[in-house]
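Worksheet for the structure shown next.
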Amino acid sequence: MWGAGAIGGALGAHLARSGHEVTLVDRVGEHVEAIRSGGLRITGPLAEFTARILAFAPDELAGTFEHIVLAVKAQDTEAATRALAPHLGADGYVVSAQNGLNELVIKGIVGDARTIGCFVNFGADYLEPGVIQYAGRGAVVVGEIDGRVTPRLVELHRALRDFEDRAVLTTNIWGYLWGKLGYGAQLFATALTNDSIADALADPAYRAVYVELAREVMRVARARDVTPEGFDGFDPSAFAPEADAARSERSLDEMVAFNRRSAKTHSGVWRDIAVRKRRTEADAQLGPIVKLGAEVNVPTPLVARLIELMHDVEEGRRPQGHHTLELLKGAV
């Protein structure tokens with residue numbers, strides 16, 4: 001597991017508890033030391049246990065591995081992939097448990113044959129060194145980037161079911177990744193405020209914003225011949241250009257219901273700003289939507305404005321609050 005924060009830590013600890021041989025790699029020294037001294041503790045409403053796992057800083061790691069799960073922030077993908085490449089076996093693969101289209105970056109470094117796609121939507125947070133909150137179940141999906149069903153994919157899917165027994169093996173991983181981009185754009189908008197995900201998506205004053213953000217992403221996906229897939233209440237067809245308002249509202253209601261069942265109230269984007277005091281994945285996750293849209297002549301003005309406002313909030317020029325979300329609403 002290259003990256004042992006919320007996602008990598010939750011996955012790694014559960015797989016280790018199930019008997020898989022797991023090695024954690026993380027650049028946060030105090031997190032690595034805490035895992036070494038006391039194990040990796042998983043807490044929350046779904047599980048309470050401590051897993052004893054080998055943990056290393058990137059420059060301490062030796063040897064090669066057949067399976068590497070990459071679970072770093074999207075903006076760190078290129079640097080992390082270059083760092084892990086010497087440790088990847090000739091017949092091994094990297095699987096991206098991240099948000100965004102990081103498979104495009106990964107395969108550009110290690111090659112298509114050594115890249116497997118992945119999509120995750122479970123709730124988890126890094127609480128403190130050595131402690132991860134596993135807050136809510138969510139989609140876990142894996143697929144070869146060329147759509148084939150291979151023995152290694154079947155093996156990976158079988159392993160991930162030890163974490164999430166409803167994990168999906170798909171021949172359309174790009175569809176799931178684009179679906180998450182649509183939902184992800186909505187989550188970035190919720191993070192312009194201090195509202196919880198559920199409260200933000202339920203607010204009738206801003207539903208037109210969330211609908212149009214997802215529509216922009218779905219338009220780009222359609223123009224690029226991608227068929228987005230749904231998950232955890234997000235229905236891509238509800239945000240298609242031809243979808244009626246009632247269908248969009250119904251999908252938003254289902255997303256609100258899904259998020260109310262999780263102990264993770266706010267998005268990782270919100271935590272990056274409000275808790276971790278660091279930049280978000282806006283450029284790395286939302287930027288490609290604008291770029292790929294421009295390539296097929298599909299404008300994405302609302303996503304572009306969202307990126308601008310995220311930078312304003314990150315850099316302290318605007319506060320997290322409804323006033324900032326109002327500025328996004330004004331661009332609809």
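The values are calculated or read from the model by the stated rules, or taken from the named source; none is laboratory data. What you are looking at is a predicted structure, and each value in this text was computed from that prediction instead of being measured. As a convention, Cβ positions derive from the backbone with ideal geometry for all residues, glycine included, and neighbour counts pool all protein chains shown. Note: areas computed on protein heavy atoms with side chains; ligands, DNA, RNA excluded. Shrake-Rupley method; radii C 1.70, N 1.55, O 1.52, S 1.80 Å.
Calculated FRET efficiency, PHE49 and GLU295, Cβ-Cβ r, R0 41 Å, to nearest 0.05?
Details: r = 46 Å, r/R0 = 1.13.
Plugging the Cβ-Cβ distance into 1/(1 + (r/R0)^6) gives 0.30.
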Exercise for the section: Starting with the highest mean, order 165-174, 209-218, 143-152 by the number of other Cβ atoms within 10 Å, averaged over the residues of each peptide. Expected result: 209-218, 165-174, 143-152
Practice task
Pop out the ³J(HN,Hα) list for region 301-310 in order, Karplus 6.51 cos²θ - 1.76 cosθ + 1.60 with θ = phi - 60°, rounded to Hz; leave Gly and Pro as x.
Solution key: x, 6, 4, 4, 5, 4, 4, 4, 5, 4
Fill in the blank from the handout: Among GLY316, ILE289, ALA240, the residue whose Cα sits farthest towards the positive end of the charge dipole of region 211-332, when +1 is placed on the Cβ of each Lys and Arg and -1 on the Cβ of each Asp and Glu, is GLY316
Problem - Per-selection metrics, the chain (Cα): Rg and Dmax in Å - result: 19.1, 56
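In square angstrom, what is the accessible area per residue of the chain with a 1.4 angstrom probe? It would help to have the intermediate numbers written out before the result.
Numbers: 13570 Å² over 332 residues.
On a per-residue basis, the chain sits at 41 Å².
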Handout entry: region 202-235-region 51-106 distance, computed between alpha-carbon centres (Å)
Key = 30 Å
Problem - Fraction of accessible area attributable to carbon and sulfur, the chain (%, probe 1.4 Å) - result: 50 percent
Handout entry: Inter-label distance for VAL28 and GLN320, nm, one decimal - labels placed 7 Å from Cα along Cα-to-Cβ
Key = 1.6 nm
Handout entry: Size of region 1-98 as Cα extents on the principal axes (Å, biggest first)
Key = 37, 26, 24
Exercise for the section: At a Cα cut-off below 25 Å, give the lysines reachable from LYS291, other chains included and same-chain residues fewer than 8 away excluded. Expected result: LYS73, LYS107, LYS180, LYS329
Problem - the chain - charge dipole about Cα centre, Lys and Arg +1 at Cβ, Asp and Glu -1, debye rounded to 20 - result: 180 debye
